[in-house]
Amino acid sequence: MAPAAAVNVAQAGLWGDVGRQLRRSPQFLIGTAVIAVLALMALVPQLFTRIDPRQCDLARSRRPPSAEAWFGYDVQGCDYYANVIYGARSSISVGLIVVGGALVIALVLGAIAGFWPGWRDNVIARVADVFYGMPFILGAIIILYQFDERGVLQVALALLLLTWMTPMRLVRASVVAIRDSDYVQAARALGATDLRIITRHILPNALAPVLVYATITIGVVISAEATLSFLGVGLRLPAISWGLMIGEAQNYVRTSLHLLLFPGAFLVVTVLSFISVGDALRDALDPKMR
Amino acid sequence: MSRYIARRLLLAIPVLIGASFFIFFLVYALPGDPVRALAGDRPLAPGVIAELRERYNLDDPVFVQYLKYVGGLLQGDLGIDFSGRPVSETIAQRIPVTAQLALTALVIEAVIGLIAGIVAGIRRGSYLDNLVLVSTTFLVSIPVFVLGFTLQYFLGVQIPLFPISGTNEGLYSYLLPGFVLATASMAYVARLLRTSLAENLRNDYVRTARAKGLPERMVIGKHTLRNSLIAVVTFIGADFGTLMGGAIVTEGVFNLPGVGRAVFDAVRSQEGTVVVGITTFLIFVYIFFNLVADVLYAALDPRIRYE
């Protein structure tokens, strides 16, 4: 995705400006720091805990937080801190797969629809309309209910089907706005092919709005995954997911509040980080919105 | 305006066909045994399987199956549960609770969202504006079920201000679930109104109103606010459909006996027909209110015209 080769001089100006503003934004700095820690947690959870999250002892069931188990123990008597740490992986993977997939679909379909108006544009727009008709969680429930196995991939696929439309429209709008500009005409006059014009000249300049949307959407998708797992149509045991943990905690809220608070806090902080980084990006890219 | 509305209604037809085909395709036409999918993990008796195949026309060609499915939908046929009761009957019996919850949420969302939006919009960059910005970001980031359980614990168990489950206390028992259901939309209403107020305040007619000496209350209340409310009212109209769907989680957390709770329970007891039937219904409710909102938009804003 990194358009390193495609960054031309004019763009370096814009991104330089944006970078300067972002470095002064506390919500961006804190947000990216938290996301970095979470990413590390998802990649190598062993760095944060040596305890195996699946090493359980029913005798310790629902013991409250203590010095040896910071977050206490869950219903099965597993170390809750280890479970919460390992839970980052499913959230982050679902978020990244969905948004990465949506970006790819958005760039391909958005470029096609924006560059060649006519029947292609119409077909894509109508298909997007149908998916827009589907509410997010309800649509995902119907889709997920059809899978026998429900792992990270299935949940991601269901959410991807309901996420690609808005970034596609954003890319399409940018492509339409850029399509007839002078520098594109110049590239065409020099004999550049359509493919080269789209990938080298148009898409790099159409990326900014869709990046903002993508960052915020990672947070929204992570929240949706937790909600679906909580409802029982998302990830299933023995998968480790914050939504599943909260689902299990719901019967014990009154006596063992820690079962709800720890995964809940991690979930909220994760979603909040992605949303605030997205907000900060938008403010930096589009000063009018401030 | 009638031209616009007619056109909007026509545009809704492919969406409705697309949505029904999408659901039908997923549930009945994908490779794999739909009867098994509907049954979840439960083993079924051969007689039940034969009856389900007959009931869902599984031995017909796919296209005929789809037409029969849509025909059934149009007559309110959303399938039957394992005890042989039509899903539509369950919906009819439980919908008042869900509608009441969605309405309560809508009122809370409108009142709090509008106040926060006005306060933030007329004084950009003030302390209150920043407070609204920060708190709306928070509200959007807290998943509904986390907020639900947390408030239930602190405002229901620790300080017993609100009932924690059921509808025994009438309207009062809807307040806390309604607030929880409303949070995300509330934040959206506040931000939407803030942005559109601030944009409209820059318009020439506002300067004219000020120049002719109108008090600030009139400038904002009568001239700016009315124009800024168009987008907000449209959003709130569409949101009723979203809230009905969001009720699955809220009714699950607060144990309210509405259609959402029926889905919540059906997922647990693996009653696929009920999950699919009610979810399908809620999806069409959502599409319907989106349509209502679009028509409302045209009615409120005279600039929205085709041709």
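The values are calculated or read from the model by the stated rules, or taken from the named source; none is laboratory data. Just so it is clear, the structure is predicted and the values come from calculations on it, not from any experiment. Positions of Cβ are backbone-derived with ideal geometry, glycine not excepted, and every protein chain shown enters the neighbour counts.
Against the definition (of a type outside the set (A, V, I, L, M, F, W, C), at pLDDT below 90 and in contact with a helix residue (DSSP H, G or I) (Cβ under 8 Å, 6 or more places away or on another chain)), how does B:G148 come out, yes or no?
yes
I need the full set of residues from region A:223-232 which are under 19 Å from the mean Cα position of the chain (by Cα) and touching a residue at least 60 places away in the same chain (Cβ under 8 Å), in order please.
A:A224, A:E225, A:A226, A:T227, A:L228, A:S229
Would you call A:F230 assigned to a helix (DSSP H, G or I), in contact with a Phe, Trp or Tyr (Cβ under 7 Å, 6 or more places away or on another chain), more than 8 Å from chain B (Cβ to nearest Cβ) and at pLDDT 85 or above?
Here the answer is no, as A:F230 does not meet what is asked.
So which helices (runs of 4 or more DSSP H) stay within region B:220-307 end to end and still have 2 or more residues that are polar (S, T, N, Q), surrounded by fewer than 24 Cβ atoms within 10 Å (Cβ to Cβ) and within 13 Å of chain A (Cβ to nearest Cβ)?
Once the helices (runs of 4 or more DSSP H) in region B:220-307 are filtered for at least 2 residues that are polar (S, T, N, Q), surrounded by fewer than 24 Cβ atoms within 10 Å (Cβ to Cβ) and within 13 Å of chain A (Cβ to nearest Cβ), what remains is B:272-300.
Need the failing condition index for A:P238 against (1) within 30 Å of A:F262 (Cα to Cα); (2) in a helix (DSSP H, G or I); (3) not charged (D, E, K, R), just the number.
(2)
Can you report the number of residues in region A:114-127 which are under 24 Å from the mean Cα position of the chain (by Cα) and crowded, with 18+ Cβ neighbours inside 10 Å?
Here the count works out to 1.
Search region A:17-28 for residues that are under 10 Å from A:S276 (Cα atoms) and pair each with any residue that is of a type in the set (V, I, T) when their beta-carbon atoms are under 8 Å apart and the residues are at least 6 apart or on different chains.
Pairs found: A:Q27/A:V277; A:F28/A:V277.
Name the one entry in B:T137, B:T250 that is touching a helix residue (DSSP H, G or I) at 6+ places or on another chain (Cβ under 8 Å) and either of a type outside the set (S, T, Y) or touching a residue at least 60 places away in the same chain (Cβ under 8 Å) (or both).
B:T250 is the lone residue from the list that is touching a helix residue (DSSP H, G or I) at 6+ places or on another chain (Cβ under 8 Å) and either of a type outside the set (S, T, Y) or touching a residue at least 60 places away in the same chain (Cβ under 8 Å) (or both).
Just wondering, is there one or more residues in region B:211-218 that are small (G, A, S), in a helix (DSSP H, G or I), without any contact (Cβ under 8 Å) to a residue 60 or more places away in the chain and farther than 28 Å from B:P257 by Cβ?
Yes, some residue in region B:211-218 is small (G, A, S), in a helix (DSSP H, G or I), without any contact (Cβ under 8 Å) to a residue 60 or more places away in the chain and farther than 28 Å from B:P257 by Cβ.
Filter region A:250-280 down to the residues that are touching a residue at least 40 places away in the same chain (Cβ under 8 Å) and within 8 Å of another protein chain (Cβ to nearest Cβ), then identify the one that is farthest from A:L40 (Cα to Cα).
Within region A:250-280, the match that is farthest from A:L40 (Cα to Cα) is A:D279.
Conditions (1) β-branched (V, I, T); (2) closer than 28 Å to A:T166 by Cβ; (3) within 7 Å of chain B (Cβ to nearest Cβ), marked per residue:
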{"position": "A:V221", "(1), (2), (3)": "yes, yes, no"}
{"position": "A:P238", "(1), (2), (3)": "no, no, no"}
{"position": "A:W242", "(1), (2), (3)": "no, yes, no"}
{"position": "A:M245", "(1), (2), (3)": "no, no, no"}
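If I ask for residues that are crowded, with 24+ Cβ neighbours inside 10 Å and within 16 Å of A:V269 (Cα to Cα), which ones from region A:89-99 would you list?
A:S90, A:S91, A:G95
With the checklist (1) without any contact (Cβ under 8 Å) to a residue 60 or more places away in the chain; (2) surrounded by fewer than 22 Cβ atoms within 10 Å (Cβ to Cβ); (3) not hydroxyl-bearing (S, T, Y) in hand, flag the one item A:P135 doesn't pass.
Just one mismatch for A:P135, condition (2).
Where in region B:59-164 are there helices (runs of 4 or more DSSP H), lying wholly inside it, with at least 3 residues that are of a type in the set (G, A, S)?
Output list reads B:87-122.
Hey, among A:A88, A:A102, A:A59, A:A39, which residue is in a helix (DSSP H, G or I) and more than 30 Å from A:Q250 (Cβ to Cβ)?
It is A:A102.
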